[in-house]
1. Please tell me if Leu99 is out of contact with any Leu (no Cβ under 6 Å at 6 or more places or on another chain), buried (at least 18 other Cβ atoms within 10 Å of the Cβ) and either modelled with pLDDT of 95 or more or assigned by the TED database to the domain that holds Thr163 (or both).
2. Is there a residue being in the same structural domain as Ser90 (by the TED database) and without any contact (Cβ under 8 Å) to a residue 24 or more places away in the chain anywhere in region 111-121?
3. Which of (1) among the charged types (D, E, K, R); (2) buried (at least 17 other Cβ atoms within 10 Å of the Cβ); (3) within 22 Å of the chain's Cα centre (by Cα); (4) part of a loop (DSSP other than H, G, I, E, B) is the odd one out, the single condition Arg296 does not satisfy?
4. All but one of (1) in contact with a helix residue (DSSP H, G or I) (Cβ under 7 Å, 6 or more places away or on another chain); (2) under 24 Å from Leu339 (Cβ atoms); (3) open to solvent by 20 Å² or more (accessible area, probe 1.4 Å); (4) touching a residue at least 40 places away in the same chain (Cβ under 8 Å) hold for Ile291; which doesn't?
5. Out of all the residues in region 255-273, which are of a type in the set (Gly, Ala, Ser), open to solvent by 30 Å² or more (accessible area, probe 1.4 Å) and over 10 Å from Pro154 (Cβ atoms)?
6. Within region 104-113, identify whether any single residue is in contact with a strand residue (DSSP E or B) (Cβ under 8 Å, 6 or more places away or on another chain), at pLDDT 95 or above, open to solvent by 30 Å² or more (accessible area, probe 1.4 Å) and assigned to a loop (DSSP other than H, G, I, E, B), and answer yes or no.
7. Quick check on Leu276: is it of a type outside the set (Gly, Ala, Ser) and either under 22 Å from the mean Cα position of the chain (by Cα) or more than 16 Å from Asn175 (Cβ to Cβ) (or both)?
8. Give region 421-452 a look and list any residue that's open to solvent by less than 50 Å² (accessible area, probe 1.4 Å), among the small types (Gly, Ala, Ser) and closer than 16 Å to Gly199 by Cα, or say none.
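The values are calculated or read from the model by the stated rules, or taken from the named source; none is laboratory data. Only a predicted model underlies this, so the values are computations on that prediction, with no experimental measurement involved. A quick note on method: Cβ atoms are made from the backbone with ideal geometry, for glycine too, and the neighbour counts reach across all protein chains shown. Note: areas computed on protein heavy atoms with side chains; ligands, DNA, RNA excluded. Shrake-Rupley method; radii C 1.70, N 1.55, O 1.52, S 1.80 Å.
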Amino acid sequence: MSSLARLSLRMGPSAGPSSRVSSAAVNRLSTISRHLSSSASNSEKATSSKMASPHDDLVLFESHHNARLYKLNRSAKLNSLNQEMIDTLSKKIKNWRELESCKVIIGTGDQQAFCAGGDVKQLVLDLKEGKDTALPFFKSEFQLNWLLGRLGKPYVAVIDGVTMGGGAGLSLPANIRIATPRTIFAMPETKIGYAPDVGANYYLAQLDGAIGAWLAVTGQELYGRAAYELGIATHYVTPNLLPTIINEITSLDSPTSSQISSIVSSYTSTPSSSSLDGESSKTNPDGRTPIRGEIREFLDKTFSLRSISEIDKALTKAQSDESLSEETKKWAKAQQDILAQRSPTSTAVALTGYRKAKEARRLDRTLLNDISMATAFSGPNRSTDDFLKGVTSVLIDRSKSSPDWVPNKLSDPKLALSEIIKNFYPTKTLDGQPELELVPSSASKLDSGRDSTWNRFRKYGLPSENDIRSSVDGYSPGSGAFALTEQELVNQFIENHNSPSGQRREEIEQRVREVVERRCKKDKQGYLEWK
């Protein structure tokens, strides 16, 4: 049954004023359904309240009550961002931020992709022709990433389909990030001789343990439910429910992020028993993430090491470690095989960028680090040609062989932390480095302490280990000064998430109990203490 039919049945055949409300709601849902499924070839593009923007072939905009929606509409390129799209989005988002009648912003793509990233293929083609388009592109993109992190109103990103690189930059600042079984999330930059940018490290650094470092260095893809379980997404639903969810959000007069979260939570996808039998993968996106148990412990220990060379050595050693399960040994080998294909320079820069973000705990500092790094990869006096080589090999020539990375070994002295900082994150501005204009300005002075949004990234998703520890230790607001039992802790997190029912409630409880089992100990009375 379609979302439109479900809504009609829910509202019923009542007459009078209520039927007029029902009719308006049904009409709105119909328009939203067209919005989510439309492409540049759709005739609907010229109808309804769709934009007066001259660039509506690349980005579509709509107004519904107090909600504003944007839809990336470059389907042939998996909605990858070019300069025109960034400029169009930036102008509209600035307007919506200041517009009093705009109470919530919703970002969508299409069924294939939310956004596959920036159009780096074109940037490299331009670089080869002597055109300086890369750094202006990165500057405007990073400024948009900052703006999205400073909206001051609820922001919902529907990450249905491919969401990578620049797509992460658009979606990670959102309070509510909705994944589906079609979601494929990654920061794949080390595959092409680059490293994660768009402020992504600020958000990856708020994931549990060293999961963010693993994602940044390896460029590994997360499928469907795994993106939700590991904290990239705050909610997980089936794609056919998206029009209904968005319709309910746009019906609110003055929506809060908490209200929106409750709406989306009520549609949480229930996995089938068959999908849970296997791990999350491209062919089984509903499966649970393999990053748990011993693999998770090994990941944290390995990707918390200080250098990419140490990580590589630890992966080698693990494969003959008799204390590890065969599953963990196999996982270690798979990660080492992945690193062997990546640019060694990129993996070292990715690890350093992640660490610097985790230390700074500020989005502005992370973006300033990103523009320095981008200049070192693509500027006039760049520190390496790996970005050009990687994009040429992977995206232009579609070569099946590995690019000629320089250096080509993870143990090369040029990848030492001191060398990476000197070449990619120096204290002095690099030649040709653009100056970022971060508007609105931060409420606090640069490097004066953590960002006001730090630790809020996971607020509306499954509980983070950091939040669970804060409650166990008594530091979380509302946790009180008394020790908690496991059931009291579970009850607290269910209440903090507006007491959801059904699948969402079960997932919150399961999440808390799993963390307690792995990270807590109990005294004789059953009270918890963090190990």
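1. It is false that Leu99 is out of contact with any Leu (no Cβ under 6 Å at 6 or more places or on another chain), buried (at least 18 other Cβ atoms within 10 Å of the Cβ) and either modelled with pLDDT of 95 or more or assigned by the TED database to the domain that holds Thr163 (or both).
2. No, because not a single residue in region 111-121 is in the same structural domain as Ser90 (by the TED database) and without any contact (Cβ under 8 Å) to a residue 24 or more places away in the chain.
3. Looking at each condition in turn, Arg296 falls short on (4).
4. Evaluating Ile291 over (1) in contact with a helix residue (DSSP H, G or I) (Cβ under 7 Å, 6 or more places away or on another chain); (2) under 24 Å from Leu339 (Cβ atoms); (3) open to solvent by 20 Å² or more (accessible area, probe 1.4 Å); (4) touching a residue at least 40 places away in the same chain (Cβ under 8 Å) leaves (3) as the failure.
5. Passing the criteria: Ser262, Ser266, Ser272, Ser273.
6. Yes, there is a match, as at least one residue in region 104-113 is in contact with a strand residue (DSSP E or B) (Cβ under 8 Å, 6 or more places away or on another chain), at pLDDT 95 or above, open to solvent by 30 Å² or more (accessible area, probe 1.4 Å) and assigned to a loop (DSSP other than H, G, I, E, B).
7. Spelling it out, Leu276 is indeed of a type outside the set (Gly, Ala, Ser) and either under 22 Å from the mean Cα position of the chain (by Cα) or more than 16 Å from Asn175 (Cβ to Cβ) (or both).
8. Ser442
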